[in-house]
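**Student:** Pasting a structure here, questions to come.
The values are calculated or read from the model by the stated rules, or taken from the named source; none is laboratory data. Keep in mind it's a predicted model, so treat the numbers as computed, not measured. All Cβ positions, even for glycine, are placed from backbone atoms using ideal geometry, and neighbour counts span all protein chains on display. What goes into the accessible areas is simple: the full protein's heavy atoms, side chains included, and nothing from ligands, DNA or RNA. Shrake-Rupley method; radii C 1.70, N 1.55, O 1.52, S 1.80 Å.
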Amino acid sequence: MTYNDIPNSVEQFMKKITEKCSDAHKDWAENFNAAFANTLLTTVKRHEDGTTFLLTGDIPAMWLRDSTAQVRPYLVIAKEDEDLAAMISGLVKKQFFYINIDPYANAFNEEANGAGHQEDHTEMNDWIWERKYEIDSLCYPVQLAYLLYKNTGRTDQFNEDFVSGVQKILQVFEVEQDHNCSPYNFVRDTWRKEDTLVNEGKGVTVAPTGMTWSGFRPSDDACAGGGYLVPSNMFAVVILDYVAEIFSHILNDEAIVEKANTLRQEIQAGIEAHGRTTNAAGEDIYAYEVDGLGNASIMDDSNVPNLISAPYLGYGSMTDERYLRTRKTLLSKENPYFYEGKYAKGIGSSHTPENYIWPIAMAMEGMTTDDKAEKERILNQLVATDAGTHLMHEGFDVDDPTQYTREWFSWANMMFCELVMDYFDIQVEK
């Protein structure tokens, strides 16, 4: 395969990875090269105004979450490639342009063309593809803006749209600490209960906890066990620290810093007070969702942020005892979405059929352990279950990997690439 349209820096990096894989892991290199080039060749659209639009894959829209994960591995090259850094900066600018249109939306159209789920019962407009409110959709763009700065020193992404977008993010986080006072609601006319919110679009009944509410999970499926999605609140704690740092050291806005710090403290206190439960062995672990009324769910979904991903995102560490207890619980049958079959094991999702696990979750499992042998096992399983495509899919059947969902899924491709890089101790600076 030839890659005539990718930057020289990317091509050289692919060669570097191929050399590191050597003969022992030639199959890793083949899949890495196909996946690493695929995002640049098939999803990136650079606009004349300097912004960048990223297709999620086989859906003609841009997700705030997916688009960040799609370019994150390129940050290690962007240090030396100014044009690649400009492409990523353009993506941040596009993300915050969208956030300013509507901070409750999760996916947007390239133009104001009215595509997407315009029949949903919520405040749609022609820019919005889908308006499922998810905390992580607001966290990921802040993460990308910050990581771009940390890895390249670039600051042009911190423009007026960024400032006003951050103000909207803080406002939404604050409002959704008491969802009973929120203007947001969402109803979709559908047979699929995961695609709509109960209670006339307000979601399951909740009481304030200090955490901030989310209508939907990163899977785009409704929060069913309570609107306080613990891993997304963990992510919010991390990016609120980023906001405080940005507006203290790069931009100067004491009011934003104060609000970010207050929210961070309240959300963190909420996680500690309400975001925990006990597993079957009676051990203290993190819950996935809680409602503030005493109900908590023991599960993990394959989409990030999930509980497994906490240290990857910057919340706590891989050696934290509660995290390790949580991780052990979630990588067992106690998690209703953990599946093990003839060809692989890992975490799936309510978003895909039973017994389907996700390469995203497998890659995240590998990036949250220091065990090289475990990373190698997961990488071997990922290449062995790609159905001969040399690319990652959304989910696949643990007993028959030729049965999978989504032929083309850029987020999964790049998570595989990031795990390969992680195996060779090449990480994005945090």
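**Student:** Considering only residues that are farther than 20 Å from residue 209 by Cβ and among the aromatic types (Phe, Trp, Tyr), which ones fall in the stretch 268-313?
**Tutor:** If the condition is that a residue be farther than 20 Å from residue 209 by Cβ and among the aromatic types (Phe, Trp, Tyr), then 312 is the only one that fits.
**Student:** Name the pairs whose Cβ atoms lie under 7 Å apart, with the first residue in the stretch 392-417 and without any contact (Cβ under 8 Å) to a residue 60 or more places away in the chain, the second in a helix (DSSP H, G or I) and crowded, with 24+ Cβ neighbours inside 10 Å, and 6 or more positions between them or separate chains?
**Tutor:** 393/359; 393/412; 394/412; 412/359; 412/360
Results for (1) in contact (Cβ under 8 Å) with a residue 40 or more places away in the chain; (2) within 21 Å of residue 218 (Cβ to Cβ); (3) acidic (Asp, Glu), shown as yes or no for each residue.
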{"position": "46", "(1), (2), (3)": "yes, no, no"}
{"position": "49", "(1), (2), (3)": "no, no, yes"}
{"position": "53", "(1), (2), (3)": "yes, yes, no"}
{"position": "82", "(1), (2), (3)": "no, no, yes"}
{"position": "96", "(1), (2), (3)": "yes, yes, no"}
{"position": "107", "(1), (2), (3)": "yes, yes, no"}
{"position": "113", "(1), (2), (3)": "no, no, no"}
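**Student:** Can I ask one more? Does the stretch 125-148 include one or more residues that are open to solvent by 40 Å² or more (accessible area, probe 1.4 Å) and without any contact (Cβ under 8 Å) to a residue 24 or more places away in the chain?
**Tutor:** Yes, because at least one residue in the stretch 125-148 is open to solvent by 40 Å² or more (accessible area, probe 1.4 Å) and without any contact (Cβ under 8 Å) to a residue 24 or more places away in the chain.
**Student:** At pLDDT 95 or above, assigned to a loop (DSSP other than H, G, I, E, B), surrounded by 18 or more Cβ atoms within 10 Å (Cβ to Cβ) and out of contact with any Cys (no Cβ under 9 Å at 6 or more places or on another chain): does that describe residue 343?
**Tutor:** no
**Student:** Determine which single condition residue 378 fails, assuming it passes every other condition in (1) part of a loop (DSSP other than H, G, I, E, B); (2) in contact with a Gly (Cβ under 6 Å, 6 or more places away or on another chain).
**Tutor:** (1)
**Student:** Let me ask you something else. Can we say residue 219 is in contact (Cβ under 8 Å) with a residue 12 or more places away in the chain, polar (S, T, N, Q) and farther than 22 Å from residue 348 by Cβ? Don't jump to the end; show me each part of the working.
**Tutor:** Working: in contact (Cβ under 8 Å) with a residue 12 or more places away in the chain: yes; polar (S, T, N, Q): yes; farther than 22 Å from residue 348 by Cβ: no.
No, not satisfied.
**Student:** Filter the helices (runs of 4 or more DSSP H) completely within the stretch 249-334 down to those with at least 1 residues that are open to solvent by 40 Å² or more (accessible area, probe 1.4 Å), over 13 Å from residue 233 (Cβ atoms) and touching a residue at least 60 places away in the same chain (Cβ under 8 Å).
**Tutor:** Details: elements: 254-274, 310-313, 321-330.
Counting at least 1 such residues, we get 254-274.
**Student:** Applying the selection to the stretch 92-145, what residues are among the hydroxyl-bearing types (Ser, Thr, Tyr) and closer than 24 Å to residue 75 by Cα? Full working, then the answer.
**Tutor:** So the first thing to find is which residues in the stretch 92-145 are among the hydroxyl-bearing types (Ser, Thr, Tyr), and the list is 98, 104, 122, 133, 137, 140.
Within the stretch 92-145, 98, 137, 140 meet the criteria.
**Student:** From the set of residues in the stretch 38-64 that are over 21 Å from residue 422 (Cα atoms) and part of a helix (DSSP H, G or I), which is most open to solvent (accessible area, probe 1.4 Å)?
**Tutor:** Of everything passing the filter in the stretch 38-64, 41 is most open to solvent (accessible area, probe 1.4 Å).
**Student:** Further, regarding this structure: Kindly indicate which of 22, 67 is at positive phi and not aliphatic (A, V, I, L, M).
**Tutor:** The match here is 22.
**Student:** Here are some residues: 112, 24. Which one is surrounded by fewer than 19 Cβ atoms within 10 Å (Cβ to Cβ), assigned to a helix (DSSP H, G or I), of a type in the set (Gly, Ala, Ser) and at pLDDT 95 or above?
**Tutor:** 24
**Student:** Might you check whether a residue that is in a loop (DSSP other than H, G, I, E, B), β-branched (Val, Ile, Thr) and either surrounded by fewer than 21 Cβ atoms within 10 Å (Cβ to Cβ) or at pLDDT 95 or above (or both) occurs anywhere in the stretch 156-177?
**Tutor:** The first filter runs over the stretch 156-177 and keeps only residues in a loop (DSSP other than H, G, I, E, B), leaving 156-159.
If we keep only those that are β-branched (Val, Ile, Thr) as well, we get none.
So far as the stretch 156-177 goes, no, none of its residues is in a loop (DSSP other than H, G, I, E, B), β-branched (Val, Ile, Thr) and either surrounded by fewer than 21 Cβ atoms within 10 Å (Cβ to Cβ) or at pLDDT 95 or above (or both).
**Student:** Additional query: Output the number of the condition that residue 419 fails; it satisfies all remaining conditions of (1) open to solvent by 10 Å² or more (accessible area, probe 1.4 Å); (2) under 24 Å from residue 39 (Cβ atoms).
**Tutor:** (1)
**Student:** Can you tell me which residues in the stretch 115-124 are surrounded by fewer than 16 Cβ atoms within 10 Å (Cβ to Cβ) and touching a residue at least 12 places away in the same chain (Cβ under 8 Å)?
**Tutor:** 119, 121, 123
**Student:** Do the conditions hold for residue 350, that is, is it polar (S, T, N, Q) and either more than 24 Å from residue 73 (Cα to Cα) or in contact with a Cys (Cβ under 9 Å, 6 or more places away or on another chain) (or both)?
**Tutor:** In short, yes.
**Student:** Shifting gears a bit: Would you tally the residues in the stretch 352-370 being open to solvent by less than 10 Å² (accessible area, probe 1.4 Å) and either on the phi > 0 side of the Ramachandran plot or of a type in the set (Ser, Thr, Tyr) (or both)?
**Tutor:** Residues that pass the stated criteria total 1.
**Student:** I've got another one for you. State yes or no: is residue 412 open to solvent by less than 60 Å² (accessible area, probe 1.4 Å), not in a helix (DSSP H, G or I) and not aromatic (Phe, Trp, Tyr)?
**Tutor:** Numbers: open to solvent by less than 60 Å² (accessible area, probe 1.4 Å): yes; not in a helix (DSSP H, G or I): no; not aromatic (Phe, Trp, Tyr): yes.
No.
**Student:** A further question follows. In the stretch 235-266, what residues are over 19 Å from the mean Cα position of the chain (by Cα), under 17 Å from residue 314 (Cβ atoms) and of a type outside the set (Asp, Glu)?
**Tutor:** The answer is 244, 246, 260, 261, 263, 264, 265.
**Student:** Still on this structure: When residues of the stretch 178-216 are filtered for being without any contact (Cβ under 8 Å) to a residue 12 or more places away in the chain and either buried (at least 17 other Cβ atoms within 10 Å of the Cβ) or farther than 19 Å from residue 132 by Cβ (or both), how many remain?
**Tutor:** 1
**Student:** Quick check on the stretch 381-404: of everything there that is assigned to a helix (DSSP H, G or I) and open to solvent by 30 Å² or more (accessible area, probe 1.4 Å), which residue is nearest to residue 76 (Cα to Cα)?
**Tutor:** Of everything passing the filter in the stretch 381-404, 381 is nearest to residue 76 (Cα to Cα).
**Student:** OK, next. Residue 407 fails exactly one of the following numbered conditions: (1) loosely packed, with under 15 Cβ neighbours inside 10 Å; (2) over 21 Å from residue 27 (Cβ atoms); (3) in contact with a His (Cβ under 9 Å, 6 or more places away or on another chain). What is the number of that condition?
**Tutor:** Of everything listed in (1) loosely packed, with under 15 Cβ neighbours inside 10 Å; (2) over 21 Å from residue 27 (Cβ atoms); (3) in contact with a His (Cβ under 9 Å, 6 or more places away or on another chain), residue 407 misses just condition (2).
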